[in-house]
Every structure is written in structure tokens, then in C-alpha cells.
Amino acid sequence: MARPSRPKLPALPPRAGWRTPVAGRPLSAAAARTAEPEREASGEPRAGGGGGEASVLLVDDNPANLLALEAVLEPLGARLHKVESGEEALRALLKEDYAVILLDVQMAGLSGFETAQLIKGREKTRHVPIIFLTAYGRDDAQVVAGYAQGAVDFLQKPYVPEILRSKVGVFVELYRAREQVRRQALALREQERRAAQEAELATQHVARLKSVSAALSGALTPEQVAEVVMEQGRRALGAILASVVRFTPDGRELEIVGTLGIDAPTQDFYRRFSVDTPVPIADAARTGEPVLLETPEERERRYPHIPRTQDITLTGAWASLPLWVEGRPLGALGFVFAEPRRFSALELDLMQSLGQQCAQAFERGRLYAAERHAREEAQAAEARMKLLAEASQAVSEAELDLRSVLQTLARQASEQLACRTMVSVLSANGRRLDLVANHSPDPTDAALLAQLMRAHPPAMGEGLAGVVAQTGRPVLIPRVDTAQLQASMKRELTPYAERYPVHSLIVLPLFRQGRLVGVMHAMRGQESAVPFDAEDLSFLQALASRAALAVENARLFSELRTNASQLELALDTAALGTWHFDVHANQLTWDARCKAMFGFAPDVPVDYEMFLSRLHPEDRARVHRDYERAFDPAGGGEYACEFRVVLPAAGQVRWLRALGRCLFEAGRPVRFVGTQQDITRQKQEEAEQRARSEFEQQLLGIVGHDLRNPLSAILMSAAVLRTRVTDERALKPVGRIIQSAERATRITHDLLDLTQARLGGGIPVHRRPVDVHELARTVVEEHQASHPARELRFRSEGDGGGRFDGDRLAQVVANLLGNALAYSPADTPVSVSTRGEADAVVLEVHNTGEPIPDDVRPDLFEPFKRGAPSQESNPRKSLGLGLFIVERIVSAHGGRIDCTSDSADGTRFTVRLPRA
């Protein structure tokens, strides 16, 4: 049967002043009609009469100005009333209220000032805001006169539309707000009037229902509830018959709960009847709607087939109301009256309230019975929950003694379920099930089972336990076939089954995080007549989950101890200290190594302030910033910092490196962990290495600088000597002097460049417009003149122009070309090419011969690195600085240099220089 919707009272004939007192229901038609004239009398706007809509009066004798004002003010959404004279404005104010008046000063007939004076002189309009508009020059006297007439503003034409719209909008919104307050005040007065009426009706209602509530407070059974409701209804309403019916559990029939004044044959006839029976009380229960039959004619018309079991039941009015509680239909309540009658609103409310109280009393009785049943079940479950709580407590100690924990669980299961219990754990190799704990009310039983199971543990897939372990599915056998069970057991275990037969059996796999860790058995012997059921299985599954947790905790604790020992050994070896900061507890924890680095005793508790106090003053602010940055989730929580610690003993300074990470949950820091290492020795070695390097670079600079002057003097003197010596034999020594001095000069320049690159912040470049094609061609020609026996090739293409340091680029070309001549066979050519690209100029120097060895390439551009020269070159002529200087010059130009070298293509250096 479809359950009906929430019941509603039927529509009643209009009755002046009547309203339904039930909260949330609408006024009756009569009450609605009564409220309308009351609203008119109170001055509330009628429908269609404006309802508080804001209007703006526009007064100007120029229609064009009125159209302009209308266009400007239309976006405000207010009604715009346009008039062309002061007289028309006064007539309009007699008919309607306005939020604001825009009034032209100069008009034919009444001027703006005169019109304003008349408006302000009338009590009803004296508070209407007026904004004066004028096209004439702004005269202070005129403005004063306008404000004297009560104006709120004075605007000169042409006005700014936005400003005018904003000013008018303020008064429009003010008018709307004032109207809303007025309507709310009227509504409040109306609510107060209605509330007074409702209070009066409610007082009567409560008085009549008071005795019902008092009587129902002691009624617990449905029959007692029905008796109270029927008797109180009969007294209050004057009914001669009453009945209460309710739905049967299947919802298809109704059954009598109680009757009043109905004879026995009628009671027997309606003791239990279908919900589709054509009687008023069945329709009320089925449809959820009240059924009111005020006259015999109406009853005869709607229910012509009612059995005539009592003549009196057919002479008067009938009322049947549904019983509902929390949106559920429970049945129906019926009254029969001796005479026809028209039910008043108060009577209908009273009957409905009786029905509601009856339904609520029924529900209280049902809840009371359900609560009593639930309490009994709760008491039965409390013992099991207590055992499970004890099991959970025992599991928390599983890392201390797994066997005792599982023995506790087995004992709890045995005592609660009156059975024998055993727990087996999967062996380390995963091939068998080893018995760890078992319990039985008979100690001899437990001893024999332990002896046999440890001597003959089942393998995976062997016997019922092995099958459960292999499949991972629990088994519940309420009644065991003894022969079948013994046939599935290992032969060595049959003596136990014969001595202690099994009547009912549960075997459960123990899983933890999807991994099998063991099996649990529960067995009841033939002496027990109660088989295991689903509730027993559920309890054992809860216990099995705790057993699995205990096994897993024991395994993890064993691994944790092993890992902790290994970690401690690793930390000792690496001399690392560890620290941990619990953000929620605001607690900082250091290990002994970490405390020793700061000069703290192992047993001294530390905090962040103590940590900061030992930092070097110059490092303290930086370390604190890094520390706070680690607590920002956007930075990933990483923490890496090097700092100095000042120890109390003689002010000793120690360098430490801290590495850590902040851990977050839901974007908030919860833990900050990390390590600390003493790097004092490393810092000392780095400082010594840096000092040696700086000394070497300074020495090279000094040597290069101090050699340049004497070399220049030697070259100048040798050049003069060569021009004056005519003896051919004397000229050869002079030539050797010049060559040696030139070589020493080049070495000096290379040393100065090296010093500049290492100590001076890089080789400086001075950019100016340079044609790389011409620059490279000149360098190639110079080298060709000094190496007449070698073949040098040059090729250029595209635009070679750009802003470069010409002298430094000539040095690049010369070094690369000299390198190619030195490391290639004398009978092979050396090629130099330049080409222009869209945003760069490319220089390539290529030579054939043996490729650069693989072990040389990684350090090719490092200083003092030389490859194996060709047989024709002299290895003692180079310091190994040429390619280093080339790379520095190219980098200073923002360029890049690459090298490829193999036996097939030879060696090729490629320089790419951006034009900028």
C-alpha cells in the first residue's frame, strides 16, 4: 500500500476572525478577507498603488531639458514624473509623494524659488528634498536664496550626468529605505494583532488539552493511550462513539486499538479490516486527509455502503482524522456525534491535536519498547565490547611479548563464546602455520592440542586452516560433519579430533594491510548444543583484526629495533647529530651528539632560545630567517644552513651544517626534523685552499706585471741593435733575443689575463662596432706571414658586424689559430671561417690530425692544461693558458665556445657571439 502524504485539514466555510492556530498554516479565507480592510484603514499601500516605489518629480519649462533629465536618471529605476511649470508641480504633489524634486530656477509663471516656497509651506510636502537647477551663472546670493527656500543642493547647467545621477540616487534609496521601514512597522502591528488573537485561541486550546496531556503522561500501552484520547475527546466534543485504529506491520490492514460506546458486533466486524474498506476511518488513515461528514445526507452520498450495525451511528455527524508522527502514518482516530453539526475551527484543531497527541503517545510507547530491547542488547554487547577493549589494550603491548598477547586474546574468545580457541602465525618463509597461543576450558585439551600442532604444523593449503590461509576466506560451519572434518585433517591430528570432537567451527584468516599473518580457530565440542552464528562470527572477526594487528606490531617493532641500531651506527660513523621539534607541543629534542656540538651536557634540556644563544652574533639573524622560511609550505619545508657556534670554553668557534625538513598536515607545520654535522675541519681546509689560491694568483700577477717593463726594454734595445749591426753573424743572436723576448711578453700577457680572470672579476671587455670578418682576416694574414710554410684558409659569409671588444676578439682568433697550428701536422691546412646569423656571429677554427684525448677534454678550458703537441711544435713554448683565456673572453661577451674532436673530422672550435 502506498503511504499517504502529510495530512492537511480540509477547506472550511469562511468564518470571520478564525485562523488555524497550528504553526506554519495559512490564515482561513475569512481571516484573509478581514485583514484587507484593516490594511487600508492603517494606511498600508493598496496593491497596484505604488507600494512604496520611489518617484522623482522633474520641473522645467523646457521640454528638451526634461528629456535630458529623464535620460540621465532612467538607470536609477525610479518613476520619473515630468511637468513644465511650478503650478503643475504643486498639483502633482497633491496627488503623489516624491523621493526628490529637481526644480528649475528660471521658469515662466511661478519661478523655482516661488514654487519651493509653496512646497515647503505645506505640511505634507515640507520635507521633500529639492535640488535646484539653473542655466545662469552661479551667484552666491542666488545660492543662498535657494538654500533659504529649503533646497538640499544647487547645481548649475550644464551638469555632469554622473554627479546628478549620484545625488538623486541617494534620495531615491533613502525614500525606498523609509518606505520599507514604514511597511515593516505596519506589518509588525498586524503581526501583533494576529498574535493577540492566536494567543487567545491558544489559551483556550491549551486549557482543553491540558487534561489530555496529564492523562497521557501515565499511558504506556497503545490500549491505554486510545482509552485516554477517546474519553477526553468525548468529554470535550460531546461525541457518543469513538474509535482508534492503527496499521498492521505490513501496512495492508487496520486493526482496532480501542473503542468507546461501540457494540460488540460492530467491534467484531471491524476488529481487523483492509485499508481499502469504504469507511471514513479507513480513508483518513489511507489518504492522510481528514474525513468530515457533517450531515447524514453527506455521509449517505459519500459512503452509501456502510453496514448498519447500529442505528445511532447513522443519525449524526462523523469525523475521522489521520494519526501521523514524524511524517509516518500510524492509523486514524474517529468520532461519531448524535446530531448533525458544522465543525468549528476550534473543534477541528482540538481533534487534530488529540490525533497528534495520540500518535505521539503511540510513538513514545514504541520507542520505550525499542529502548528496552536495545538496552537488553546493549548489555549483552557490553561484555563483548569490554573484552575487545581489553584486547586492544593488550595489542598495544604486542611488541613486548607477542605470545602472551595472543594468549590473552585466545582466552577472551574462549570465555566469551564458551569454546576452544587457537591462534597460528604464518612462518617467516610463508610455508606453514605455527601455533602461538591456544586456550580451552580443559587444560588437558589445550596441552594435547599444543603438542600436536607444534609437532605437525599445517602447511599452506593443507587441512581447513591451510585452505583458509591460502584462499583468505573465513569459514563458518554451524554444525560440523565429524567424519568429513577428520578426513580433511592431517593424520597426526586425528587423535585429538577423536578425543575432543568438534560440533561447531569458525576459522578466520588474520590479515593486516592486505597481507596474511596467521589464522584463528574457534571450536565448540559435542558437549555444547549451541552452534556458532553470524553474531559469533562478527565478534571473532573483530578479535581477529586485533590479533593480526598484534602480529604486525611485533614484526614492525622487531624491524624498528634493527633499523634503529643500524641508524645509530650510521649516525656515529658520520658524526651526525639529530634533532626533532614537535610544533604542537612546542618541544625541541636533541640527541647527545647534537648537544655536544653546542657544548651542552647530554642531560640538559634545550629549547630554541638556547640554540640561538650559542650562535655567532653575525650568523644569528640569517639562521633565524632560514628557520622561519622552512615553516612556509610554499617553500617545501626544506632547511639547509651553515653557521658558527661560539662555545663557552675560551670562546672557541665551531662551524656546523644543519639539514632538515618541516612536515605539514593540511598546510600546517606539525614536525621539524633534521641532522647536524660538525664541518669545522672542512671549513678550515677550504680557507687554507682559498688562501693558497689567492696567493698563487697574486704571485702570478706580480710576476707578469714586473716582467713586462724589462721585457719591453729588451725588445726596444734589440730592435735598435738590429738596425745598427751589419755583420750577418751578429744578427742571428739579435734575432734570437727578439724572439725570446716576444715569447716572454706573450707569457706575461697570458699571466696578466689569468690574474684578471681569477682575481679581478673577469676579463674586462670594451665594446665598439667591429666587423668580425675583417678582424679575423687580418689575424689570419699575420699568422700566414709568420708561418709561411703552413697553408691557412679563410672564408666568411653574411653580416659580420656587431658590438665587440676588437682587441680581445683578435686575441681569441690568434689563440685558437695558434693552438690549431701547434697541434696539427705541418703538411695539413688550418681553416678559419666566420659567418653572420640573425642575432649572432659565429667563428670556427678547424684543423686535422690526432683528436684531443678523452681524458683531456673535461679540463680543456682550465688554466695550465696542455695537450700533446705535434712533432713540429715546441711544448715548452706554451703555459697552457690560451684556451682558458679564450673561454673567459667569450664568456665576457655573453657567448659560448664548443669543441668537437674525432679522427675522421679533426678538431673544430666553434665560438658563437651575440651581436649586442
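The values are calculated or read from the model by the stated rules, or taken from the named source; none is laboratory data. In this text the structure is predicted, and so the values were computed from the model without any measurement. With ideal geometry, Cβ positions are generated from the backbone for all residues, glycine too; neighbour counts draw on all protein chains shown. Ligands, DNA and RNA are stripped out before the accessible areas are found, and what is left, the full protein with its side chains, is counted by its heavy atoms. Shrake-Rupley method; radii C 1.70, N 1.55, O 1.52, S 1.80 Å.
Would you confirm, using the coordinates I've provided, whether residue 344 is touching a Lys or Arg at 6+ places or on another chain (Cβ under 8 Å) and either open to solvent by 20 Å² or more (accessible area, probe 1.4 Å) or modelled with pLDDT of 90 or more (or both)? I'd like the intermediate steps shown before the answer.
Numbers: touching a Lys or Arg at 6+ places or on another chain (Cβ under 8 Å): yes; either open to solvent by 20 Å² or more (accessible area, probe 1.4 Å) or modelled with pLDDT of 90 or more (or both): yes.
Yes; evaluated as a whole, the condition is true for this residue.
What are the pairs, 6+ residues apart or on separate chains, where a residue within the range 881-892 that is at pLDDT 85 or above has its Cβ under 8 Å from a residue that is basic (Lys, Arg)?
883/865; 889/808; 890/896; 892/808
For residues that are over 30 Å from residue 681 (Cα atoms) and free of Cβ contacts under 8 Å to residues at least 40 places away in the same chain, tally how many sit in the range 629-667.
Applying the first criterion (over 30 Å from residue 681 (Cα atoms)) to the range 629-667 yields 631-636, 663-667.
Narrowing further to those that are free of Cβ contacts under 8 Å to residues at least 40 places away in the same chain: 632-636, 663-667.
Total satisfying the criteria: 10.
Here are 471, 408: which of them is of a type in the set (S, T, N, Q) and over 15 Å from residue 544 (Cα atoms)?
471
Could you pull out the residue among 853, 788 that is open to solvent by 50 Å² or more (accessible area, probe 1.4 Å), over 60 Å from the mean Cα position of the chain (by Cα) and at pLDDT below 90?
788
Looking at residue 168, is it within 28 Å of residue 71 (Cβ to Cβ), part of a helix (DSSP H, G or I) and out of contact with any Gly (no Cβ under 8 Å at 6 or more places or on another chain)?
Yes: the conditions hold for residue 168.
Condition check ((1) open to solvent by less than 40 Å² (accessible area, probe 1.4 Å); (2) modelled with pLDDT of 70 or more; (3) under 27 Å from residue 468 (Cβ atoms)) across all residues:
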residue	(1), (2), (3)
361	yes, yes, no
364	no, yes, no
370	no, yes, no
390	no, no, yes
415	no, yes, yes
419	yes, yes, yes
425	yes, yes, yes
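Given (1) at pLDDT below 90; (2) buried (at least 16 other Cβ atoms within 10 Å of the Cβ); (3) of a type outside the set (D, E, K, R); (4) within 30 Å of residue 200 (Cβ to Cβ), identify the lone condition not met by residue 338.
(2)
Looking for something open to solvent by less than 70 Å² (accessible area, probe 1.4 Å) and more than 22 Å from residue 81 (Cα to Cα) - is there at least one such residue anywhere in the range 159-166?
Looking for residues that are open to solvent by less than 70 Å² (accessible area, probe 1.4 Å) and more than 22 Å from residue 81 (Cα to Cα), one finds none in the range 159-166, hence no.
Going residue by residue through the range 395-402, is there one that turns out to be at pLDDT 70 or above, in contact with a helix residue (DSSP H, G or I) (Cβ under 8 Å, 6 or more places away or on another chain), β-branched (Val, Ile, Thr) and surrounded by 13 or more Cβ atoms within 10 Å (Cβ to Cβ)?
No: the range 395-402 contains no residue that is at pLDDT 70 or above, in contact with a helix residue (DSSP H, G or I) (Cβ under 8 Å, 6 or more places away or on another chain), β-branched (Val, Ile, Thr) and surrounded by 13 or more Cβ atoms within 10 Å (Cβ to Cβ).
Which residues, counting only those in the range 125-151, are touching a helix residue (DSSP H, G or I) at 6+ places or on another chain (Cβ under 8 Å), at pLDDT 85 or above and part of a loop (DSSP other than H, G, I, E, B)?
Correct list: 125, 126, 128, 129.
Residue 817 - would you say it is assigned by the TED database to the domain that holds residue 898, open to solvent by less than 50 Å² (accessible area, probe 1.4 Å), closer than 21 Å to residue 765 by Cβ and at pLDDT 90 or above?
Values: assigned by the TED database to the domain that holds residue 898: yes; open to solvent by less than 50 Å² (accessible area, probe 1.4 Å): yes; closer than 21 Å to residue 765 by Cβ: yes; at pLDDT 90 or above: yes.
For residue 817, the condition - assigned by the TED database to the domain that holds residue 898, open to solvent by less than 50 Å² (accessible area, probe 1.4 Å), closer than 21 Å to residue 765 by Cβ and at pLDDT 90 or above - is met.
Of all residues in the range 504-525, which are modelled with pLDDT under 85 and within 14 Å of residue 477 (Cβ to Cβ)?
Correct list: 525 only.
Output the residues belonging to the range 463-484 that are over 17 Å from residue 424 (Cβ atoms) and in contact with a helix residue (DSSP H, G or I) (Cβ under 7 Å, 6 or more places away or on another chain).
476
Any residue in the range 103-122 that is part of a loop (DSSP other than H, G, I, E, B), more than 55 Å from the chain's Cα centre (by Cα), modelled with pLDDT of 85 or more and β-branched (Val, Ile, Thr)?
Scanning the range 103-122, I find at least one residue that is part of a loop (DSSP other than H, G, I, E, B), more than 55 Å from the chain's Cα centre (by Cα), modelled with pLDDT of 85 or more and β-branched (Val, Ile, Thr), so the answer is yes.
Considering only the range 114-137, state which residues are surrounded by fewer than 19 Cβ atoms within 10 Å (Cβ to Cβ) and either within 22 Å of residue 70 (Cα to Cα) or of a type in the set (Lys, Arg) (or both).
Hits for the range 114-137 are 120, 122, 124, 126, 135, 136.
Take the range 78-94 and flag every residue that is farther than 19 Å from residue 122 by Cα and open to solvent by 50 Å² or more (accessible area, probe 1.4 Å).
Result: 79, 81, 82, 84.
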